[in-house]
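First the structure, in the form of structure tokens, and then the observations on it.
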Amino acid sequence: MLKDGRPTRPLPANDSGEPFATFTGSRALEQDEPLIFEMDSPGAVGVDLPTKVAAKTRLGDLARQEKVGLPSLAEPTVVRHYTRISRLNYGIDTGLFPLGSCTMKHNPRLNERMARLPGFADLHPMQPVSTIQGALALMQHLKNWLSVLTGMPGVALPPGAGAHGELCGMMAIKAALNSRGDGEKRRRVLAPASAHGTNPATAAMLGYQVDEIPENDRGRVDLEAFKAMLGEDVAGIMLTNPNTCGVFENDIRAIADAIHDIGGFFYCDGANFNAIVGRVRPGDLGVDAMHINLHKTFSTPHGGGGPGAGPVVFSEALAPFAPIPWIVGDDETGFDLIESSDQGATTSFGRMKGFHGQMGMFTRALTYILSHGSDGLMQASGDAVLAANYVKARLQDVMSAPFGDGPCMHEALFDESFLKDTGITTLDFAKAMIDEGYHPMTMYFPLVVKGAMLIEPTESESKESLDKFIDCLRFLAEEAKNRNVERFQQAPRFAPRRRLDETQAARKPILRWRPNVQELQAAE
Ligand SMILES: *Cc1c(COP(=O)(O)O)cnc(C)c1O
């Protein structure tokens, strides 16, 4: 039925192991969908274009010789294709999404309404400043809220995601060290073994040597080991708090003091700010720079390839090095943008982005903050922690929690030891969850825990929804204990595709459709 062109296409779900294979490959009203290129029907068109007017080309030898290679399709076919594909999407609007560390937030529809107001949505980044006073006011208000909530005076809005924010924060640290003539000798950055991969990657991108701080048996930084690693060659520490094991770093003040004592800086990965917002101010903990993933704390949509925002907050010491543009002014005087050293930004390390950041995300985040208010934000962080502890408490007897003593923060961490000797892996367990209608939790992260399963329930989940999820995991844990291996190793059975060759997909991704891939591969 398919035309040539996708040798990697895995078997449809019902071709293996299922009693009935349908003729079409569809399952009930969920259609099996080929690639749009595979549906190419030469000659079909969506619109009638006027006949080409003969005109002399000035492209010379730049003119394209081959065909563009786009498929020909009628409009109804295209509409169906994308509608069917959209139905394969799973998101927080479809069901519970327990992806730990990623913090899938519910996006209130009010945010979307505000972000679409033409005065915000239709701005051009090169409009004169006098015509964008409202947008600048919104950005300044967001900065103020982030500053108040974190207890940190400096705020940079431009970074496009958490990882970009890390780079921004570490560039400010580097600039500060350089400005005091210390940049050359401080070549090391310390990060715990449990760190998100973006932390060491950020430090390495800036040319630092990254040294791994060991964890203690409570899932926290080993304070003595950390102190032993300190020296005059250390630029700073990158630490997540609450950390990626889902627990609060109790020694954080001592860690901050120790790094400051040797003249280094404290970069905090603020991805887990949603667990403490309204309750703890990172500025009070001795943090010098921290990014905030707006999408994890203030409910803007997760990138999905689209625009994100990862603002960075700075201590007094680092604020002068913040990237341009700087927004200055207030509601009374009006607002302005400082975009160069000529205008006074002499200490800034430069730019992170062509323009000012993601206006749509700023609008959504500020809407979330203002509609929740300080009490609402406190309730959100409280509910996040409560939900995770509920999950942990109700699963701890059937699954294994490596740092089981004491409560967790906003995510509950389990390991693979409850699957010991069953022949079932963390991966198998996660695939079985897909068959039950749940997106799996984060797997095999953090790396310090073997076969990790990191469950983060969104704080807006109802108790009924959490109970249903917990009951499902209890059932699966029981099935695993009873060695019902097939349920797991054959999963997912009911997804549009069975298991993919994930190694091949990661190592040799085929990202572009070409008509003759099959032949090319045969030739290799
Ligand atoms: C999500 C996350 C990041 C990266 O943030 P992005 O917005 O995805 O770039 C960094 N650190 C931790 C701990 C995270 O959870």
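Brief remarks follow.
- Filtered residue count, segment 244-269, keeping only those that are within 15 Å of the ligand (Cβ to nearest atom), surrounded by fewer than 24 Cβ atoms within 10 Å (Cβ to Cβ) and not β-branched (Val, Ile, Thr): 2
- If only residues of segment 119-158 that are surrounded by 15 or more Cβ atoms within 10 Å (Cβ to Cβ) and of a type in the set (Gly, Ala, Ser) are counted, the one that is farthest from PRO307 (Cα to Cα) is GLY151.
- Taken together, the residues in segment 469-508 that are without any contact (Cβ under 8 Å) to a residue 60 or more places away in the chain and surrounded by 13 or more Cβ atoms within 10 Å (Cβ to Cβ) amount to 6.
- Selected residue (only one of THR103, THR77 is more than 16 Å from the ligand (Cβ to nearest atom), surrounded by 12 or more Cβ atoms within 10 Å (Cβ to Cβ) and in contact (Cβ under 8 Å) with a residue 24 or more places away in the chain): THR77
- Residue in segment 431-440 that is part of a helix (DSSP H, G or I), surrounded by 15 or more Cβ atoms within 10 Å (Cβ to Cβ) and in contact with a Phe, Trp or Tyr (Cβ under 6 Å, 6 or more places away or on another chain) present: yes
- Restricting ASP211, ASP182, ASP222 to residues that are farther than 20 Å from ASP288 by Cα and either modelled with pLDDT of 95 or more or more than 15 Å from the ligand (Cβ to nearest atom) (or both) narrows the list to ASP222.
- Residue that is touching a Phe, Trp or Tyr at 6+ places or on another chain (Cβ under 6 Å) and either more than 15 Å from the ligand (Cβ to nearest atom) or farther than 30 Å from GLU332 by Cβ (or both), where the choices are LEU206, LEU142: LEU142
The values are calculated or read from the model by the stated rules, or taken from the named source; none is laboratory data. Everything numeric here is computed off the predicted structure, so don't read it as measured data. Cβ: placed from backbone, ideal geometry, glycine included. Neighbour counts: every protein chain shown.
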